[in-house]
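So the structure is just underneath, and the comments pick up after that.
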Amino acid sequence: MSEPATDAATVPAADQRWPWWPLLPLYPYGRRRTLVRELIAGRLWSFEQLQGVWYVAVPIRMVVLRVREGLLLYAPVAPTAEVRARLRDLEERHGPVCTIVLPTASGLEHKLPVPAMARAFPNAQVWVAPKQWSFPLPLPPAWLGFPARRTRVLLSEGVPHGDQLDWLPLGPLDLGLGTFLEIACFDRASGSLLLTDALVAIPPEPPAVFDLDPTPLLFHARERGDEPLRDDPQRRRRGWWRLVLFATYLRPRPLVVPPLGEVLRHCLAPGCRGARAHFGFYPFRWQPGWQDDFEALAPGGRSTLQVAAVLERLVFPRQRAALVAWIRVLAGLKDLRWVVPAHHDAPVATSAQELAALADRIETEEWAPDQGAWKTLAGIDRTLVGLGLVPGEGEGEG
C-alpha cells in the first residue's frame with residue numbers, strides 16, 4: 001500500500017466551495033475540504049471529505065479506480081474546484097474520467113454529488129444502481145439532474161468494465177418508504193473491494209482528513225461548554241471516540257443532557273465567544289465509563305469490519321439472511337485483499353476467512369438488539385414500524 005498524500009493547507013476557500021449544500025444541509029455546509037490519498041500505487045485513490053450534523057462529522061469517501069479505459073469514480077463526493085483539479089492531475093497521468101458510478105439507491109449523501117460530477121466530466125458514462133427513489137415526490141432521474149443520454153442502470157443494462165470488475169448487489173430490500181440497494185465493486189487486479197454503507201471499520205485514532213478541519217474533534221472533546229477548543233492529540237482522540245458514538249448510535253448511552261440553565265451559564269465564556277465554539281452552547285455531559293462503548297466498536301484497538309449499526313437496526317433488522325448471503329458472496333471472491341468502504345477507515349486489510357467469520361457471527365449472535373447502546377435506534381425502529389413506514393416483523397424477509 002502507498003503512504004497517504006499530504007495535502008497543502010493553502011487551498012483557497014473558493015476552491016472548496018460546494019454551492020449545492022442546501023439540498024442536504026450537512027456540516028461543513030458550503031465549504032468541503034478534501035484529502036486525497038493514494039491507496040494502491042498507480043491503481044486506487046481516496047478522495048475524502050467530512051460530513052455530519054452539528055459537528056458530528058465522519059469521513060465520506062469517493063474511490064478513484066484506474067481501469068484500462070481511464071478512471072472510474074465510485075460513490076462521488078462534492079466535486080469542488082479542488083476535487084476537479086486533483087482529478088485533472090490524475091487524468092494527465094492515467095487517462096480520462098470515463099465512468100461515474102452511483103452504487104446505492106438510497107444514500108442521499110452519495111446521490112446528490114453525482115449530477116454535478118457528471119457535468120464536470122461530460123464525456124463520462126454515468127451508471128446508477130437500480131430502484132432509484134426520491135422523497136417526498138417520486139421524481140424521474142432526469143429531473144434529479146442525471147444526464148438522460150449517458151446514464152445507464154447497473155445490472156439491468158449491463159455493467160461497466162465487466163472484463164476487469166465484478167459487481168455484487170445487496171438487495172433490493174424493501175424499506176417501506178423506498179428500497180435499499182448497494183452494489184459492491186471488486187477490482188480483480190488489486191484485490192480491492194469497494195463498498196458504500198453496509199460495512200465499516202472504525203479506527204481508534206482520528207482519520208487524517210480531520211487534520212484539515214479538527215473543529216468537530218475539539219468541540220466534542222470538552223466536558224463543559226465554557227472550555228475553549230484546545231488542540232492536542234489526546235483531545236483529538238477523545239473527540240473522535242465521542243463523534244463515533246454519536247454517529248453510530250445517534251444518542252450514546254453514557255451521555256445525559258444537563259438542565260438548560262446549567263448549559264446557558266456556560267455560554268459566552270472567555271475563549272468560547274465565537275461561532276466555531278457555538279458560543280459555548282454544549283448540552284452534553286459524558287458519564288464515567290463512556291469509553292467502553294467505543295472500545296466495543298474497535299476491539300483490541302484495531303479497525304474491524306462490521307455492519308454499520310444504524311443500518312443493522314433500521315434497515316437490516318428483518319433482512320439478516322439477505323445480508324449474510326451477500327457477505328458470503330464477498331467472501332468467495334478470489335484474491336480478495338482489501339476492503340474500501342465509503343465511510344470511516346480505509347483501506348482495511350481482509351481475507352475470505354475474515355468475511356466468512358463475520359457472516360457466521362451475524363448468523364449466530366444477537367442481532368439488532370433493543371437494549372444498551374442500541375436503545376435509541378431500537379426506539380426509532382419501533383416508531384417507524386408502528387407508523388407503518390417500514391415493514392414489520394416477518395414482512396421484509398425474502
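Glu354 satisfies every condition listed in (1) assigned to a helix (DSSP H, G or I); (2) under 18 Å from Ala184 (Cβ atoms); (3) in contact with a helix residue (DSSP H, G or I) (Cβ under 7 Å, 6 or more places away or on another chain) except (3). Restricting attention to segment 247-258, the residues that are assigned to a helix (DSSP H, G or I) and either open to solvent by 80 Å² or more (accessible area, probe 1.4 Å) or in contact with a strand residue (DSSP E or B) (Cβ under 8 Å, 6 or more places away or on another chain) (or both) add up to 1.
Quick one: would you say Phe146 is open to solvent by less than 40 Å² (accessible area, probe 1.4 Å), in a strand (DSSP E or B) and not assigned by the TED database to the domain that holds Trp290? Full working, then the answer.
On the way: open to solvent by less than 40 Å² (accessible area, probe 1.4 Å): yes; in a strand (DSSP E or B): no; not assigned by the TED database to the domain that holds Trp290: yes.
For Phe146, the condition - open to solvent by less than 40 Å² (accessible area, probe 1.4 Å), in a strand (DSSP E or B) and not assigned by the TED database to the domain that holds Trp290 - is not met.
Working carefully through the options Glu48, Glu38, Glu91, find the one that is surrounded by fewer than 19 Cβ atoms within 10 Å (Cβ to Cβ) and part of a strand (DSSP E or B).
Details: Glu48 fails: surrounded by fewer than 19 Cβ atoms within 10 Å (Cβ to Cβ); Glu91 fails: part of a strand (DSSP E or B).
Answer to the selection: Glu38.
The residues on offer are Ala346, Ala342, Ala378, Ala359, and the sole one that is modelled with pLDDT of 95 or more and more than 26 Å from Glu205 (Cα to Cα) is Ala359.
The helices (runs of 4 or more DSSP H) falling completely within segment 259-317 that include 1 or more residues that are under 30 Å from Val339 (Cβ atoms) map to 291-297, 309-314. Taking the listed residues Leu264, Leu243, Leu194, the one that is open to solvent by less than 40 Å² (accessible area, probe 1.4 Å) and not assigned by the TED database to the domain that holds Val159 is Leu243, with no other qualifying.
Working carefully through the options Ala352, Ala342, Ala331, find the one that is open to solvent by less than 40 Å² (accessible area, probe 1.4 Å), under 19 Å from the mean Cα position of the chain (by Cα) and either closer than 29 Å to Ala78 by Cα or not assigned by the TED database to the domain that holds Arg237 (or both). Outline the logic, then answer.
Working: Ala352 fails: under 19 Å from the mean Cα position of the chain (by Cα); Ala331 fails: under 19 Å from the mean Cα position of the chain (by Cα).
Criteria check complete, one pass: Ala342.
Scan segment 175-228 for residues that are among the polar types (S, T, N, Q) and in a helix (DSSP H, G or I) and jot them down. Hit for segment 175-228 is Thr215, nothing else. Please verify whether segment 310-319 includes one or more residues that are assigned by the TED database to the domain that holds Asp174, over 21 Å from the mean Cα position of the chain (by Cα) and open to solvent by less than 60 Å² (accessible area, probe 1.4 Å). So far as segment 310-319 goes, yes, one or more of its residues are assigned by the TED database to the domain that holds Asp174, over 21 Å from the mean Cα position of the chain (by Cα) and open to solvent by less than 60 Å² (accessible area, probe 1.4 Å). Looking at segment 122-137, can you tell me whether even one residue there is surrounded by 16 or more Cβ atoms within 10 Å (Cβ to Cβ), in the same structural domain as Cys185 (by the TED database), at pLDDT 95 or above and among the basic types (Lys, Arg)? Looking through segment 122-137, none of the residues is surrounded by 16 or more Cβ atoms within 10 Å (Cβ to Cβ), in the same structural domain as Cys185 (by the TED database), at pLDDT 95 or above and among the basic types (Lys, Arg). Restricting attention to segment 51-77, the residues that are closer than 30 Å to Gly280 by Cα and part of a loop (DSSP other than H, G, I, E, B) add up to 2. Selection of segment 226-240 for residues being surrounded by 23 or more Cβ atoms within 10 Å (Cβ to Cβ) and either touching an Asp or Glu at 6+ places or on another chain (Cβ under 9 Å) or within 18 Å of Val310 (Cβ to Cβ) (or both) yields only Trp240.
The values are calculated or read from the model by the stated rules, or taken from the named source; none is laboratory data. None of the values given here were measured: they were computed from a predicted structure. Glycine also receives a Cβ, built like all others from the backbone with ideal geometry; neighbour counts cover every protein chain displayed. Surface accessibility is based on the protein's heavy atoms, side chains included, excluding ligands, DNA and RNA. Shrake-Rupley method; radii C 1.70, N 1.55, O 1.52, S 1.80 Å.
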